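To start, the structure under review is shown below, and the notes come after it.
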Amino acid sequence: MRNQIEDAYKDFDVTEKPLIASMGISDEKTLVQTALGLAQKGSVLSYQQPILPTKSVSMHQDAPPYLPLPLGEYRLAPTVCVHVCTEEEQFHLKSLTVTLDMARKIEVSTREQAADQEWHQLRRPRITSSRFREVCLVRGEHNAESLAERILKGTRQTAEMRRGTDMEFAATKEYCRMKNVSYTSCGLVIHPDAPWLGASPDGLIFDPTAQPPFGLIGIKCPNVKNYVDCKYLKMQHGSSERELVDQFYLNIYMPKYLFVSKRP
């Protein structure tokens, strides 16, 4: 095939040849897997569309499959908010509506989280767990409008955030080793009963000794010399406890609400 292409265009100027005639494609060169299929090693596709490693830890080979999220049997209580929305606000809320099937497909397709463009797009118009504390504590109409503007604008990743992301999987593997639990990544979870909310826990855990055996995991990698220096932990009776209004505590509380809150 290569020889046929080269022979067909051998008399053409290099600027007039189609790209395929100058790529040096050969069955003698190594092929590698990419996100779009096999490609020649060293080609543009090989380094621009690599297969991202699956972030999972399997400590229990006989573990049952993880449950699809959000769980269909869990429902959220209807809102009791008395605010009367404008037509524009109603349109915005309606644009966020998802079905259970849509929500589950979104969770699966966004498991790479920050590395996935769809994840960013779907989070932006929603209140996510990273903003949950600010929303709970905001006071005054002006402050609320300012917060809403920041949420819709999005957050630029800082060096501290990047450090935490880079260390997250190593910390997760160590946790799984210490606790003898399995782990898999989790995408953005949007509950159909509250589509203006969204949560991306750091992953799902399987612990055969727990009841129920499936749970969520939230990893934090504070840039401190010792865990006793963490501002969101306080020592009582020789053990650490979280501040109930701390941002990290509320970051975990919101996914728990979306995943396991049951309507009476």
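Laboratory data are not the source of any read-out in this text; all were calculated from the coordinates shown. Model, not experiment: these values are computed from the prediction. Please note: Cβ atoms are built from the backbone with ideal geometry, for glycine as well, and neighbour counts cover all protein chains shown.
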Charge dipole of region 86-182 about the Cα centre (unit charges at C-beta), most positive-ward option of Ala159, Thr110, Ala144 | Ala159
Mean projected area (nm²) of the alpha-carbon convex hull when region 56-260 is viewed from all directions = 13.6 nm²
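Can you tell me how much longer the chain between Ala63 and Glu174 gets when fully stretched, taken as 0.36 nm per residue apart minus their C-alpha distance, in nm with one decimal? Present the calculation step by step, with values, prior to reporting the outcome.
Working: separation 111, 0.36 × 111 = 39.96 nm, distance 1.93 nm.
Net length gain for the segment: 38.0 nm.
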19 Å cut-off, amide nitrogen to a point 7 angstrom out along Val98 Cα→Cβ, residues in region 139-173 | 151-155
Other-chain or far-sequence residues with amide H under 5 Å of Leu31's (modelled H) = Lys41
Here P(r) for region 193-235, Cα-Cα distances in 5 Å bins, as whole percents, is 5, 15, 14, 13, 17, 20, 11, 3, 0
Assuming R0 = 22 Å, what is the FRET efficiency of Thr79 and Lys153, from their Cβ-Cβ distance, to the nearest 0.05?
-> 0.35
Enumerate the calculated ³J(HN,Hα) couplings along region 213-230 in order (Karplus 6.51 cos²θ - 1.76 cosθ + 1.60, θ = phi - 60°), each rounded to whole Hz, writing x wherever the residue is Gly or Pro.
-> x, 9, x, 9, 10, x, 9, 10, 10, x, 8, 10, 6, 8, 4, 5, 7, 5
